[in-house]
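Rule-based calculations on the coordinates, nothing more; no lab input. Keep in mind that this is a model prediction, so the values were computed, not measured.
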Amino acid sequence: MSSTQRSKAHMEAQGYTVAIVERWNPYARIRQDLFGFIDLLCVGNGETVAVQTTSGSNVSARVKKIADHENVGAVRNAGWRIIVQGWRKNAAGRYVLREVDCS
């Protein structure tokens, strides 16, 4: 299971309706995120949440990517919460979530 699918299941379990908004661009041969940094768009619980998913070791790089992105101000001004979710395996072999709020 990918980090995107793990985050999708996690957010749905929290009561959100979730859409995967990251797309494969076959012409450029790259994945493109909504507004340049959003993999999942989640609505529910009275809010909209933009989620960037990654491996546990890349959380800091994704936080920096969001902080430096030209579109982050517009997303924040819209009142959306922005979070980075990083997944890593613990000693028992289970996936553990690290979440950083970038709002």
(request) With Cα Rg over 2.2 N^0.38 Å in mind, check (1) 1.31; (2) 1.65; (3) 1.05 and report the label derived from this structure. (result) (3)
(request) Report, for the chain, the % of DSSP beta bridges that are antiparallel, rounded to 5. (result) 75 percent
(request) List the relative contact order of the chain as a percent without decimals, with contacts defined as Cα pairs under 8 Å and 6+ residues apart. (result) 22 percent
